[in-house]
Amino acid sequence: MSGRADKVKQSTVTSKQLAVFKEACRNAGLKVTRQRIEIFLSLAFSPDHPSAEAIYRSLQAKLPKISVDTVYRTLSTFEKYGLIMRIQTPESLARFEVEMDRHHHIVCTQCGRITDFRWNAFDASKLPRDISGWGTIDRKNVTLQGVCRKCSK
């Protein structure tokens, strides 16, 4: 795909994501503010899984009055209402993503890089007997940890 086609595709996907995001905010009783939109767009356009601090740094030029506390509280609110996902990392630094399709993560314990992957066999598997009666499971996800190929060289 050409660079221009990539930008059009990314713009279209993000427009759809933004429309879904705005509707989900309204359904959750949240105001659709410029700060919330910019935080969401920062996540949507991010090529990786940024931390709250990285999102804050990326928005400082556009929103000079935004505080890191606002970013943290907004991300927490988004997570509470299922608008984004939080990924815990070995260093206990939460990272975030907009991608809500069923997928899992591999985290490099040396460089911190997070890679998404699909695992259909796991997703289709039944819960172990000893927890099958536990209650209602909302989602199943796996976070694997190890050393990526680049760091192991």
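Values in this text are rule-based calculations from the coordinates and carry no lab data. Computed from a prediction, not measured in an experiment: that's the story for all the values here. Cβ placement follows ideal geometry from the backbone for every residue including glycine, while neighbour counts extend to all protein chains displayed.
A crude spin-label estimate for the pair Met100 and Lys80, with each label 7 Å from Cα along the Cβ direction, gives 1.7 nm.
Net charge near Tyr81, counting Lys/Arg +1 and Asp/Glu -1 over other residues with Cβ under 14 Å of its Cβ?
Values: positive: Lys22, Arg26, Lys31, Arg36, Arg73, Lys80, Arg86; negative: Glu23, Glu79, Asp138.
With Lys, Arg at +1 and Asp, Glu at -1, the net is +4.
The mean of 1/r over all distinct Cα pairs in the range 28-87, once inverted, gives the Kirkwood hydrodynamic radius of 11.6 Å. Rounded, prolate or oblate: which fits the range 101-152 when a ≥ b ≥ c are the square roots of the eigenvalues of the alpha-carbon gyration tensor, with rounded for a/c under 1.5 and prolate only if a/b beats b/c? Prolate shape, in that a/c is at least 1.5 and a/b is the bigger ratio. Rounded to two decimals, the Cα radius of gyration of the chain over 2.2 N^0.38 Å is 1.17.
Counting other beta carbons within 10 Å of each Cβ, put His105, His49 in order, fewest first.
Ordered from fewest to most neighbouring Cβ atoms within 10 Å, His105, His49 come out as His105, His49.
How much of the DSSP bridge set in the chain is antiparallel, in percent, rounded to the nearest 5? Present the calculation step by step, with values, prior to reporting the outcome.
Numbers: 8 of 12 bridges.
Around 65 percent of the beta bridges assigned by DSSP in the chain are antiparallel ones.
Taking the Cα centre of the chain as origin, sum charge times position over the Cβ atoms of Lys and Arg (+1) and Asp and Glu (-1), and report the length of that vector in debye to the nearest 20. I would put it at about 340 debye.
In a fully extended conformation the segment linking Ala19 and Ser46 would gain 7.9 nm over its present Cα-Cα distance, using 0.36 nm per residue. Each of Arg139 and Val68 was given a label point 7 Å from its Cα along the Cα-to-Cβ line. The distance between the two points is 2.7 nm. This ranking places Ser42, Ser152 by how few other beta-carbon atoms lie within 10 Å of each, fewest first, which gives Ser152, Ser42.
Of Thr74, Thr14, Thr33, the sequence from fewest to most neighbouring Cβ atoms within 10 angstrom is Thr33, Thr14, Thr74.
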